[in-house]
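Worksheet for the structure shown next.
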Amino acid sequence: MSTNRSDFVLAVEGLTVSFDGFKAVNDLSFYVDEGEIRVIIGPNGAGKTTVLDLICGRTQATSGSIKFRGEELTRMKEHQIVHHGVGRKFQNPSIYDDLSVFENLEISYPRGRSVFGSLMFKRDREVIEEVENIAEIIFLQNDLDKPAGLLSHGQKQWLEIGMLLIQKPDLLMLDEPVAGMSVAERKKTAELLNRITQGRSVIVIEHDMQFVEDIAHRVTVMHQGKVLSEGSMERVKNDPKVIEVYLGH
Amino acid sequence: MQQRSNIRFMSRQEVLGYIMLAVILLAIIPLSLDVFRLNLIGKYLTYAFVALGLVLCWGYGGILSLGQGVFFGLGGYCMAMFLKLEASDPESTKIQSTPGIPDFMDWNQITELPWWWEPFRQLPFALSAIVLLPTLFAFIIGVAMFKRRVGGVYFAIITQAIAAIMTILIIGQQGYTGGVNGITDLRTLLGWDIRSDSAKVILYYVCSAALFICLLLSQFIRYKKLGRILVAMRDREDRVRFSGYDVANFKIFVFCLSAMFSAIGGAMFTLQVGFMSPSFVGIVPSIEMVIYCAVGGRLSLLGAVYGTLLVNWAKTIFSETFPELWLFAMGALFIAVVMAFPNGLASLFKRYIEPKLPAWYSGKTMVSKAPIIEKDSSMETAHANALGSEENIGSSKSLAKPETAVTVAPRTDEKLEGGVYVD
């Protein structure tokens, strides 16, 4: 794969992070295309979540580069990375329990993000329509006035995905979006993901193989901070190295 | 759907709560107490500014500052410096070896007014300094701490250390600050005798009015998106950060605002009590102020005022009879509040008193909210929706205020319970 191509949405090259000498991510490179759903799988401790942390700025890289649409992310602050169009969903549903579903989405609406801006922010028709629009996509249109803390686990996961969608990110990163969901909810989430990838790229970390097969365009298998294998689900599944360290168990 | 845009500035309960407080502060108290007691209440009210700042900063923003006395003191000292210079004209200080400088400077063999005292001869400068100096100081602390992501317990400890340092500094620089005695013997404000009975009554009203302005400003912030971001930040800081907000800026803002409120309180204190000393700056007063806020309910703007009045009133009664026991009582009170009712008096009011109040108090929406939302009558829907959205903020942050609370108890788990009560 050529390293000079610039039509990737995300180009991660030679990324390394070391925690007191332990390299959680070690010389990692991968590329995500426009409109692609990329799933990262791998055994526990492979460094999957750390990769997302590095991309969204939560963890500082020791070396290497992360280019998003040609711009270097490694030196930006978290909120600047968000402003450039990268959205991140956390592993545990991370929503504001004390606010209503509506307010959760409203806070995520990309306007009035400075202190002064948030004082001047007006809940106008545009905001309301957008919130309702997103609420419908994430199956919560009837729960807008409910405190988010009262939602079911699956609904909380959807709400957090909705909070990302309303930011209209070009790159969406989801950390185990279906963990703890019922079978029916998983199906709905797979549908949801397939629907929302129009015009954006998605990176998903997931353990549920059925779910991965449902959504993945390409799969990256990580092991000990490195890429072990990459390609279509079919190819990865039959890769002897992958079977040995991950799928075989 | 467009009704949802009508988040209301205040709910019916809140409007009634503010009216109630206004009646108590502006009519009942002044009419029923003599000037001495009224002045005492006025002094308590100056602490309410600090408690109010803590509601925003700690209750909403989740930033516990144990050094609010620093800002209270800075505001108070700025006022005291102006008043002291006015009281130290050459005529009335002619027995000093250097007439025309404050008496404590003379006692400390200082023969010239320090350059940084000079501008405090001007009232406009002093007034701007009261507001700006502590805010600037808070800004510097805020930038240094929050930009480096210092928070939680570490922040609390650092603010406490700052309070200790400030006290040591003031006491140590006796010649410039009046040392442990503070700045005393303040007499007039632009020639107006602040020690007279009539002045005390007027200052009481000025203090109450200033408190109301701060209350309404806080209410405004609560009602804007900024208020909801504070709550969100308290609960899920990372989520707010990864929603594109620079979290540190919001923390700095709310910390500065609480410092500004404290400073205004401090200045009002100096005016009403007639002196300022390091005993209002240090660790103990700073923690006491946190207790006022906690007792009133750290999520309730009005609760902060009632909490302050109540604790101080108890303090006065108690320390008159058992002076040495007061500190223990205070400690016990704090533990009791934290263990038994973490959201303070406001949550007790909410749970036990409000359901017994007549229906007009809360308006129709109180009886049962859910069916009304479904109704088509646009007025009611608007109200219900507005309530719906406000409530949720309130559910943790502020619902529970005396006289103001909506129908719900302060936590979501209690919330259902609250609903059951009402229905």
If you take the charge dipole of segment B:8-109 about its Cα centre, with +1 on Lys and Arg Cβ and -1 on Asp and Glu Cβ, which of B:26, B:16, B:61 is farthest toward its positive end?
B:16
Report the accessible surface area buried between chains A and B, summing both sides, using a 1.4 Å probe on protein heavy atoms only, in Å² rounded to the nearest 100.
3900 Å²
Which order do B:21, B:40, B:33 take by accessible area at a 1.4 Å probe, largest first?
B:33, B:40, B:21
Projected label distance in nm at residue B:34 and residue A:91, using a 7 Å step from Cα toward the beta-carbon
6.9 nm
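Kindly report the accessible area of segment B:33-340 per residue (heavy atoms of protein chains, probe 1.4 Å, no ligands, DNA or RNA), in Å².
38 Å²
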Heavy atoms only, probe 1.4 angstrom, no DNA, RNA or ligands counted: give me A:175, B:193 ranked by accessible area, highest first.
B:193, A:175
Ignoring everything but the protein chains, give the 1.4 Å probe accessible area of residue A:136 in square angstrom, nearest 10.
120 Å²
Per-residue counts of other Cβ atoms within 10 Å, averaged by peptide: what ranking do you get for B:142-150, A:155-163, B:231-239, highest first?
A:155-163, B:231-239, B:142-150
Residue-ordered couplings for segment A:202-214, obtained by feeding phi - 60° into the Karplus form 6.51 cos²θ - 1.76 cosθ + 1.60 and rounding to whole Hz (Gly and Pro as x), are 9, 10, 10, 9, 8, 9, 6, 5, 4, 4, 4, 4, 5
Which entries of B:147/B:225; B:84/B:315; A:187/A:241; A:67/A:89; A:77/A:241 show an alpha-carbon separation above 31 angstrom in the structure shown?
A:77/A:241
What is the antiparallel percent of DSSP beta bridges lying wholly in the protein assembly as shown, to the nearest 5?
60 percent
On a 0 to 90 degree scale, rounded to 10, what angle separates helix A:125-137 from the longest Cα axis of chain A?
50 degrees
Counting only protein chains, not ligands or nucleic acids, how are B:349, B:242 ordered by accessible area (probe 1.4 Å), most first?
B:349, B:242
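Give the average, rounded to an integer, of partner chain Cβ atoms located within 10 angstrom of each Cβ in A:141-147.
Mean partner shielding for this stretch: 4.
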Compute the projected area of the convex hull of the Cα atoms of the protein assembly as shown, averaged over all viewing directions, and report it in nm² to one decimal place.
34.7 nm²
Of the accessible area of segment A:135-220, computed with a 1.4 Å probe and all protein chains kept, carbon and sulfur make up a percent value of 47 percent
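Take peptide A:121-132, look around each residue's Cβ out to 10 angstrom, count Cβ atoms belonging to other protein chains, and average those counts. Kindly include the intermediate steps, with their values, before the conclusion.
On the way: counts 5, 4, 8, 2, 4, 0, 3, 5, 2, 0, 2, 2.
Partner Cβ neighbours, averaged per residue: 3.
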Please give the direction-averaged projected area of the C-alpha convex hull for segment B:103-236, in square nanometres with one decimal.
11.5 nm²
Rounded to the nearest 10, the angle in degrees between the Cα long axis of helix A:183-196 and the longest principal axis of the Cα atoms of chain A comes to 90 degrees
Solvent-accessible area of residue B:305 with every protein chain in place, 1.4 Å probe, in Å² to the nearest 10
0 Å²
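How much of the calculated P(r) for segment B:33-340 lies past 34 Å, in percent of all Cα pairs?
22 percent
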Would you please classify the overall shape of segment B:135-214 from the alpha carbon gyration tensor, given that a ≥ b ≥ c denote the square roots of the eigenvalues, rounded means a/c under 1.5, and beyond that prolate means a/b larger than b/c while oblate covers the rest?
oblate
Which percent, to the nearest 5, of DSSP beta bridges fully inside chain A are antiparallel?
55 percent
For residue B:284 and residue B:181, compute 0.36 nm times the residue count separating them, minus their Cα-Cα distance, and round to one decimal in nm.
35.4 nm
Rounded accessible area of residue A:226 (nearest 10 Å², 1.4 Å probe):
100 Å²
In whole percent, the Cα-Cα distances of segment B:206-255 spread across 10 Å bins from 0 upward as 25, 44, 21, 9, 1
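The values are calculated or read from the model by the stated rules, or taken from the named source; none is laboratory data. Note that the structure is a prediction, hence the values are computed from the model and not measured. Reconstructed Cβ throughout: ideal geometry from the backbone, glycine too, with neighbour counts over all protein chains shown. Protein only, heavy atoms only, side chains kept; ligands, DNA and RNA dropped before computing areas. Shrake-Rupley method; radii C 1.70, N 1.55, O 1.52, S 1.80 Å.
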